[in-house]
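The values are calculated or read from the model by the stated rules, or taken from the named source; none is laboratory data. Every value quoted in this text rests on a predicted model; they were computed, and no experiment measured them. Every residue, glycine as well, gets a Cβ built from its backbone with ideal geometry; the counts of neighbours run over all protein chains shown.
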Amino acid sequence: MKDTLVFICIFCVGILANAQSKIPPTDNIRIFGAIEKEASYNIDDILKFNSANVEDQLIFNHAGEVKDTLNHMKGVPLKDFLKDVKFNYNKPKELNEFYFVFTASDGYRVVFSWNEIYNSEAGNSFYIITEIKGKSMKELDQRIVFLSSKDLKSGRRYIKCLQSIEIRKL
């Protein structure tokens with residue numbers, strides 16, 4: 001009886017751990033919110049953008065431990081990806097009030113300000129990744145990936161299975 005109970009507990013923990021590690025892959029990304037026109041891009045659309053080489057990247061967790069190594073990458077600079085987005089505002093100073101909520105298919109979210117993306121050096125290191133280790137995003141388990149390539153603890157803003165970018169205004 002005791003062995004059966006231990007087996008059931010280990011089995012359940014294994015199922016839960018496996019379920020948490022499986023993030024539903026994404027084949028589309030939706031851009032919506034405080035903008036003039038909502039947009040949606042599938043993988044083929046994303047691959048039509050000009051890609052740039054992205055430096056090899058160590059992915060660190062919050063404690064500074066290496067969790068993954070990404071190399072041989074290409075990606076669409078986020079500013080290029082968002083170039084057709086028209087924000088709803090009356091005066092240019094209102095752009096300071098915009099922020100972006102990037103959401104993965106498992107509900108993980110990361111927030112960026114308009115100034116962080118468009119008015120700082122950090123914004124030049126944001127990419128929608130189109131290739132990792134020679135594999136096209138079509139071949140990647142997570143499909144649509146966002147990477148901030150200059151972060152010190154890069155894992156916090158390494159978004160696998162990105163499904164939407166919501167643009168909000170304060």
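Numbers for the structure displayed
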item	result
Region 115-146, residues that are surrounded by 14 or more Cβ atoms within 10 Å (Cβ to Cβ) and either among the aliphatic types (A, V, I, L, M) or free of Cβ contacts under 8 Å to residues at least 24 places away in the same chain (or both)	ASN115, GLU116, ILE117, ALA122, ILE128, ILE129, ILE132, MET137, LEU140, ILE144, VAL145
Test: residue in region 109-121 that is part of a loop (DSSP other than H, G, I, E, B), modelled with pLDDT of 95 or more and either of a type in the set (A, V, I, L, M) or under 19 Å from ASP141 (Cβ atoms) (or both)	no
Qualifying residue in region 21-40 (condition: loosely packed, with under 12 Cβ neighbours inside 10 Å, at pLDDT below 80, at negative phi and outside any strand (DSSP E or B))	yes
Criterion violated by GLU166 - all others in (1) buried (at least 20 other Cβ atoms within 10 Å of the Cβ); (2) within 27 Å of GLU94 (Cβ to Cβ); (3) touching a residue at least 60 places away in the same chain (Cβ under 8 Å) satisfied	(1)
Members of region 68-108 that are in a loop (DSSP other than H, G, I, E, B), under 20 Å from GLY33 (Cα atoms) and more than 16 Å from the chain's Cα centre (by Cα)	LYS83, ASP84, VAL85, LYS86, ASN88, TYR89, ASN90, LYS91
Residue in region 57-75 that is nearest to TYR118 (Cα to Cα), counting only those that are of a type in the set (A, V, I, L, M, F, W, C) and out of contact with any Ser or Thr (no Cβ under 6 Å at 6 or more places or on another chain)	MET73
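Residues are listed down the side, and each one gets a yes or a no for (1) out of contact with any Lys or Arg (no Cβ under 7 Å at 6 or more places or on another chain); (2) of a type in the set (A, V, I, L, M, F, W, C):
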position	(1), (2)
LYS74	yes, no
GLU94	yes, no
VAL110	no, yes
SER120	yes, no
GLY123	no, no
SER149	yes, no
ILE159	yes, yes
ILE167	yes, yes
